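Here the structure comes first, spelled out in structure tokens, and everything after it is commentary.
Please treat every number below as a calculation from the coordinates, not as lab data. Note that the coordinates shown come from a computational prediction; the quantities given were computed from them, not determined experimentally. Cβ coordinates were reconstructed from backbone atoms using ideal geometry, including for glycine residues, and neighbour counts include every protein chain displayed.
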Amino acid sequence: MSNRIIKKTKLAPQVYDFVVENQQIASRAKAGQFVVVRIDEKGERIPLTIADIYEDSFRMVVRAVGKTTYQLCMKKENDFLADVIGPLGNPSEIEHFGNVMLVGGGVGIATLLPIAKELKNHDNKLFVVLGGRSKEYVIMLNEFEKLADQVIITTDDGSMGIKGVVTDGMDLVVSKAKIDVAWAVGPTVMMKFCSLKAKEMNLKIWVSLNPIMVDGTGMCGACRVTVDGQMKFACVDGPEFDGTKVDWDELLVRLVQYRDEEEQSLKKFLESAGDLSWL
């Protein structure tokens with residue numbers, strides 16, 4: 001349970017792939033779960049989804065967007081993390097469904113990988129839509145191509161695949177195959193529109209909600225969301241919910257409030273951090 005960074009790989013600008021040594025988490029983790037990481041003794045806790053599981057280690061993909069994620073992305077191989085708690089949250093509800101659509105954007109693509117592997121173990125056909133701002137932000141494509149029966153790429157600028165957004169890819173998938181269930185993981189706004197699209201299609205869609213979390217065990221209440229008219233805690237009741245039942249507008253308002261505070265903290269950090277152009 002050393003929490004040593006075994007491997008670090010750059011996947012995209014400001015996006016890094018970490019393999020962290022922790023046999024306890026590796027032996028218990030399942031698709032859809034997450035960990036809470038603290039970089040040092042004075043650091044804040046941040047939730048990060050488990051992107052893969054190995055014999056004595058686990059994988060997580062991190063994008064530098066706030067002070068703590070910037071500090072984490074500056075870590076090197078053989079550095080240690082102060083604390084890693086997990087696995088937390090409920091595993092994905094996976095069985096044999098038939099035809100499954102997976103929609104990923106940004107670092108949310110990494111969250112889908114263990115879900116895709118487990119779905120394939122249950123003999124499902126996988127139709128995968130991956131999106132990014134441009135070609136360089138579409139991560140882990142080779143790994144999904146090995147698993148999926150069909151992969152559709154969308155980019156905002158048309159530098160890879162079709163020019164458009166992931167909901168365009170969803171339309172393309174359902175025009176050619178009957179989908180039984182879907183997953184969508186990515187930025188909150190993306191998941192909102194994927195859920196609206198799925199509702200139009202009368203399709204159940206699981207989303208992984210990763211609003212601000214502090215303790216990850218339901219004690220603080222920071223990650224509360226409204227689902228089907230009821231208050232839920234994303235860390236203990238989720239992180240996956242039926243996206244068609246999430247109050248997205250309420251969630252987005254709360255995230256904006258937290259983001260304003262995070263931006264002030266990040267600004268102070270960047271002013272003292274020096275040259276970070278390598279990120």
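How would you classify the chain from its alpha-carbon gyration tensor, with a ≥ b ≥ c the square roots of the eigenvalues: rounded for a/c under 1.5, else prolate if a/b is greater than b/c, otherwise oblate? Display every interim value, and only then the final one.
Values: a/c = 1.40, a/b = 1.36, b/c = 1.04.
In terms of gyration-tensor shape, rounded.
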Next item on the list: Using Cα positions and a limit of under 17 Å, work out the lysines in reach of K199, with same-chain residues fewer than 8 apart set aside.
Entry: K178, K245
Next item on the list: May I have the convex hull volume per residue, in Å³, for the Cα set of the stretch 5-88?
Entry: 83
Notebook entry, point to check: Are any of the pairs K76/K204; K125/K197; K10/K30 more than 32 Å apart by Cα-Cα distance, and if so, which?
Noted result: K76/K204
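I need the GluC sites (Glu not before Pro) found in the stretch 34-71, filtered to DSSP loop residues with at most 10 other beta carbons within 10 Å of theirs. Present the calculation step by step, with values, prior to reporting the outcome.
Values: sites: E41, E44, E55; in loops: E41, E44, E55.
Answer by residue number: E41, E55.
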Next item on the list: Residues in the stretch 148-181, backbone N under 20 Å from the label point at K7 (7 Å along the Cα-to-beta-carbon vector): list them, ranges by number please.
Entry: 148
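What ranking do T111, T167 get, fewest neighbouring Cβ atoms within 10 angstrom at the top?
Values: T111 28, T167 20.
In order of increasing Cβ crowding within 10 Å: T167, T111.
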Next item on the list: For n ≥ 4 DSSP H runs only, could you compute -39500 (n - 2.57) per run for the chain, divide by its residues and tell me the 222 nm figure to the nearest 500?
Entry: -9500 deg cm²/dmol
Next item on the list: Please report the relative contact order for the chain, taking Cα pairs under 8 Å with a sequence separation of at least 6, and give it as a percent rounded to a whole number.
Entry: 16
